[in-house]
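The values are calculated or read from the model by the stated rules, or taken from the named source; none is laboratory data. On a predicted model such as this, the values are computed, not experimentally measured, just so you know. Cβ atoms come from the backbone with ideal geometry, glycine included; neighbour counts cover every protein chain shown. We work out accessible area using only protein heavy atoms, side chains counted, and drop any ligands, DNA or RNA first. Shrake-Rupley method; radii C 1.70, N 1.55, O 1.52, S 1.80 Å.
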Amino acid sequence: MKNTTGTLYMERHQLILEQLKREKHLKVATLCERLDVSAVTIRKDLKLLEDKGLLFRTHGGASLENPYMNERDVTEKATISATEKSMIAEAAAARIQENDSIIIASGTTVQQLGKAIVPKGKLNVITSSLLVAIELLKHKDIDIIQLGGNIRHRSASVTGHYAEHILNHISSNQFFMGVDGIDLDYGCTTTNIEEAILNQKMMDAAQKTIILADSSKFGKRSLAKICNLDDISEIITDKDLSPAIADRIQEMGIKLTLV
């Protein structure tokens, strides 16, 4: 009997790891349903597997990747998922309308958006990113409002009271935002608290918010929360996104575009 129990125990652990490899992040409730065991059993399994260094437990589930993101320099981040970021940026640029007014946050994916924009008529762009502003300078038909404030070396962007104050007097059509982590239950996060606050102000100044994030950002969270998922109008990401996560996003009523 002991050997049979031990075999089932090991088979269940193997199934959990195999499913995580395919889907990157799984909820306890999903594992209970698929493996036909109780939540108590699954939580014990996840703790044992985490103790062995085989997975990370998250809020209500598990992931093969560390869900907590550390801050990285913008030059380092630019090399990660570079092809996916470029494709995401091209899709986002197609959302920009003639004579539009948009806000662009900081980050390497939205920097790619700056490169991808070809204005139709006049375009007003408000941005916290110095790198985005530099990319847009090549277009004479783009009027750029560069937010001022404290410059963050790691992200080459501004934060602080002055930038937040300007946004109190601005209304725009679309806000394009990059994030460091997207946890479907917790929301969207970034590594810097001041940047999170500024992103919240940008959301308030826009009619709709569009997230640009490669699939590696899902199932992760960072230090500072920006918003809940139901505050978002659309997410543009790459086709490597787990089908299970894609289904949940669409069930939440959020437009999802895969490139």
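Element breakdown for segment 114-259 at a 1.4 angstrom probe: carbon and sulfur atoms account for 50% of the accessible area. With a cut-off of 15 Å between beta carbons, the residues surrounding SER38 carry a summed charge of +3, where Lys and Arg count +1 and Asp and Glu -1. One decimal place: the segment ASP204-VAL40 gains 54.9 nm when fully extended, by the rule 0.36 nm per residue minus the C-alpha distance.
Only helices enter this figure: runs of n ≥ 4 DSSP H residues, each worth -39500 (n - 2.57), summed and divided by the residues of the chain, yield -12000 deg cm²/dmol at 222 nm to the nearest 500.
The string of couplings for segment 14-24 from the Karplus curve (6.51, -1.76, 1.60, θ = phi - 60°) is 5, 5, 4, 5, 5, 5, 5, 4, 6, 10, 6 Hz, one whole number per residue in order, with x for Gly and Pro.
Taking a sphere under 10 Å around the Cβ of ASN168 and counting the other residues whose Cβ falls inside, with K and R at +1 and D and E at -1, yields a net charge of -1.
Of the two radii for the chain, the radius of gyration is 1.05 times the Kirkwood radius, both from the alpha carbons; that is the Rg over Rh value. Pairs of alpha carbons in segment 200-259 separated by more than 12 Å make up 69% of all such pairs.
Other residues lying with their Cβ under 10 Å from the Cβ of MET87 contribute a combined charge of -2, Lys and Arg counting +1, Asp and Glu -1. Scoring 209-216, 249-256 by mean Cβ neighbours within 10 Å over their residues and listing the highest first yields 209-216, 249-256. Between helix 82-93 and the chain, what is the angle of the helix's C-alpha long axis to the longest principal axis, kept within 0 to 90° and rounded to the nearest 10? Here the helix axis deviates by roughly 50 degrees. Accessible surface calculations at 1.4 Å, restricted to protein heavy atoms, place segment 116-259 at 43 Å² per residue.
Across segment 191-206, coupling constants 3J(HN,Hα) worked out from phi with the 6.51/-1.76/1.60 Karplus curve, θ = phi - 60°, read 7, 10, 5, 5, 5, 4, 5, 5, 4, 4, 5, 5, 4, 5, 8, 10 Hz, and Gly and Pro carry x. Each of ASN199, ILE102, GLY187 was scored by the projection of its Cα onto the charge dipole of segment 101-212, and the greatest displacement toward the positive side belongs to ILE102; charges sit on the C-beta of Lys, Arg, Asp and Glu.
Using a cutoff of 8 angstrom between alpha carbon atoms and counting only pairs six or more residues apart, the relative contact order for the chain works out to 16 percent. The separation of segment 90-121 from segment 187-217, counted between C-alpha centres, amounts to 15 Å. By the Stokes-Einstein formula, at 0.692 mPa s and 37 °C, segment 120-241 with its Kirkwood radius over alpha-carbon pairs has D equal to 219 µm²/s. The base-10 log of I(q)/I(0) for segment 139-180, evaluated at q = 0.34 Å⁻¹, reads -1.14 [Debye formula, identical scatterers on Cα atoms, solvent excluded].
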